[in-house]
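The values are calculated or read from the model by the stated rules, or taken from the named source; none is laboratory data. Predicted model, so just to flag it, every value in this text is computed and none were measured. Cβ: placed from backbone, ideal geometry, glycine included. Neighbour counts: every protein chain shown.
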Ligand SMILES: Nc1ncnc2c1ncn2[C@@H]1O[C@H](COP(=O)(O)OP(=O)(O)OP(=O)(O)O)[C@@H](O)[C@H]1O
Ligand SMILES: [Mg+2]
């Protein structure tokens, strides 16, 4: 006879072997385009499951099906052994499934507290009035538990993208879910915030929460996940324990071919630049807070990498050049002429383009097509005698779609129907369409898969060959080292080093970036 204890142990083993969530034969198409073909996924209790695949592979779509945002065309969803049909995301959430979406979905005009507890029942007093204090207290407890010091009474519209991401995480945690889907949660977080997030993930795991984790960053995947599933072009490719794979193997599964090493650009020799005039020059530039006494020259045809740790002031420096942030000291010269750039539109007039860090602040127009989003910055130039030249607009849009390899059903597709990485390419296309002299790129390939990364590197390089001057912020040292001619390293708002690529190594850049070498 089995003892009761043994029987309980048996039941637990069986439970551990039965997935808490089982998706089977999932198909989905959007206006006739098949984006998921017979996909399956098993999620076990208490595991972190990495969902991997190139941009547009179908990761977010599959997760939206799991969470009731989309209905599958066919296939079954088994949750705790029962078949379920979600009619909407609220139903799934009430049953314990919550999502941190890739694109932030907060209500900007509501407070942080309201956003965090939205969708739960607001506590009311006997008069039927909402007990706001209780809401703010609850929200505060959740925020503090993830190490955030944000005030729950503050409006979401005042927050930075990273702060919004923390609110989004707090909101997902407020439901005490059994399944938590995290779709690229770290895309706009600092290293410190990422560490905090990983601690939370580990705590949740211990409590038995199952987590689906989507990220393009291999280091994260290998640090926190237990198992993986790879999708390619909407097909299930493989699944298994993370200990039985490695980054090269995963990449091979994702792209279905061997990926050549990162693109290596040939360095423009300093001698070639000697008789060129700098297109952009900064002399002793400071802003209100972060940027301190920055001077450098940028020549036509070169790519300068701006390296440094998160918070070193790289984004602020670029924003100061572009007129988004106020310059308080120093001078900026374009083609040798001193300029006073007061706003982004003045910067654009001077031939400066800026692709900001986060897709969320890049201002995609959600109700417009891919074509309109690409040509938006240039729409005036398509007007001839008061009439828009539709033929030329179509041809130009198609040109960019092809050149950047934007995966879209057509140029007329609504831009929100594109996967996250492909939206990023649309933003880059928009800035290229103004034919700038100076291109300021802030983390241009964040959230972009390996294949598309190489494409974007080639494009940047081609543009430089045509004479464009590029200043590129990147936190990925291999990217900095394979694309730049020269590298500037920032630390605490100052430029600590200027290195030709031939002499730069990852270690050396890190030394300067961490302030080890003064
Ligand atoms: N609402 C929609 N309408 C039309 N097409 C869509 C919609 N949502 C997704 N798609 C298409 O489905 C495909 C898969 O997109 P999905 O967002 O799932 O990719 P992903 O794997 O999450 O990519 P990424 O890494 O870039 O976020 C893409 O080709 C996309 O254009
Ligand atoms: Mg996605």
Task: The one condition in (1) farther than 24 Å from residue 346 by Cα; (2) away from ligand 2 (no atom under 16 Å from the Cβ); (3) part of a helix (DSSP H, G or I) that residue 451 fails to fulfil - done: (2)
- [ ] Could you tell me whether residue 227 is buried (at least 17 other Cβ atoms within 10 Å of the Cβ), under 24 Å from residue 53 (Cβ atoms) and either modelled with pLDDT under 85 or more than 16 Å from ligand 2 (Cβ to nearest atom) (or both)?
- [x] yes
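Does region 358-365 include one or more residues that are at pLDDT 85 or above and surrounded by 15 or more Cβ atoms within 10 Å (Cβ to Cβ)? Working first, answer last.
First, the residues of region 358-365 that are at pLDDT 85 or above: 365.
Narrowing further to those that are surrounded by 15 or more Cβ atoms within 10 Å (Cβ to Cβ): none.
No.
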Open item on the list: Cβ contacts < 6 Å: first residue without any contact (Cβ under 8 Å) to a residue 60 or more places away in the chain and on the phi > 0 side of the Ramachandran plot, restricted to region 318-329; second residue outside any strand (DSSP E or B) and surrounded by fewer than 19 Cβ atoms within 10 Å (Cβ to Cβ), any location; separation 6+ or different chain. Result?
Closed with: 323/342; 323/343; 323/344; 323/346
Open item on the list: Is it the case, given these coordinates, that residue 81 is away from ligand 1 (no atom under 16 Å from the Cβ) and at positive phi?
Closed with: yes
- [ ] With respect to residue 416, determine if the residue is within 23 Å of the chain's Cα centre (by Cα), within 13 Å of ligand 1 (Cβ to nearest atom), part of a helix (DSSP H, G or I) and surrounded by fewer than 21 Cβ atoms within 10 Å (Cβ to Cβ).
- [x] yes
Open item on the list: Tell me the residue from 368, 418, 350 that is within 16 Å of ligand 2 (Cβ to nearest atom) and farther than 21 Å from residue 483 by Cβ, please.
Closed with: 418
Task: Wholly within region 30-132, strands (runs of 3 or more DSSP E) carrying at least 2 residues that are in the same structural domain as residue 239 (by TED's automatic domain parsing) and within 20 Å of residue 233 (Cβ to Cβ) - done: 33-43, 48-52, 74-79
Task: Residues of region 76-92 satisfying the condition of being surrounded by 11 or more Cβ atoms within 10 Å (Cβ to Cβ) and without any contact (Cβ under 8 Å) to a residue 12 or more places away in the chain - done: 84
Task: Residue list for region 487-504, restricted to those being surrounded by fewer than 23 Cβ atoms within 10 Å (Cβ to Cβ) and either within 28 Å of residue 218 (Cβ to Cβ) or outside the structural domain of residue 290 (by TED's automatic domain parsing) (or both) - done: 491, 497, 499, 501, 502, 503, 504
Task: Residues of region 397-412 that turn out to be away from ligand 2 (no atom under 16 Å from the Cβ), free of Cβ contacts under 8 Å to residues at least 60 places away in the same chain and more than 12 Å from residue 374 (Cα to Cα), as a count - done: 4
Task: Filter result (within 16 Å of ligand 1 (Cβ to nearest atom) and not in a loop (DSSP other than H, G, I, E, B)) within region 173-198 - done: 181, 182, 183
TODO: Restrict the check to region 380-391 and report whether at least one residue is outside any helix (DSSP H, G or I), in contact with a helix residue (DSSP H, G or I) (Cβ under 7 Å, 6 or more places away or on another chain) and within 12 Å of ligand 1 (Cβ to nearest atom).
DONE: no
TODO: Considering every residue within region 423-441, establish whether at least one is surrounded by fewer than 18 Cβ atoms within 10 Å (Cβ to Cβ), farther than 25 Å from residue 341 by Cβ and either within 16 Å of ligand 1 (Cβ to nearest atom) or touching a residue at least 12 places away in the same chain (Cβ under 8 Å) (or both).
DONE: no
Task: Within region 454-480, tally of residues that are touching a residue at least 60 places away in the same chain (Cβ under 8 Å) and in a helix (DSSP H, G or I) - done: 11
- [ ] Scan region 189-210 and give yes if some residue there is at positive phi and touching a strand residue (DSSP E or B) at 6+ places or on another chain (Cβ under 8 Å), otherwise no.
- [x] no
Task: Matching residues in region 435-480 - criterion: being under 19 Å from the mean Cα position of the chain (by Cα) and on the phi > 0 side of the Ramachandran plot - done: 443, 447
TODO: Identify the residue in region 199-223 that is closer than 16 Å to residue 475 by Cα and surrounded by fewer than 17 Cβ atoms within 10 Å (Cβ to Cβ) and, among all such residues, is nearest to ligand 1 (Cβ to nearest atom).
DONE: 217
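Any idea which of 311, 305, 208 is under 29 Å from residue 55 (Cβ atoms) and out of contact with any helix residue (DSSP H, G or I) (no Cβ under 7 Å at 6 or more places or on another chain)?
311
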TODO: Tell me, yes or no, whether region 48-62 has at least one residue that is away from ligand 2 (no atom under 16 Å from the Cβ) and modelled with pLDDT of 95 or more.
DONE: yes
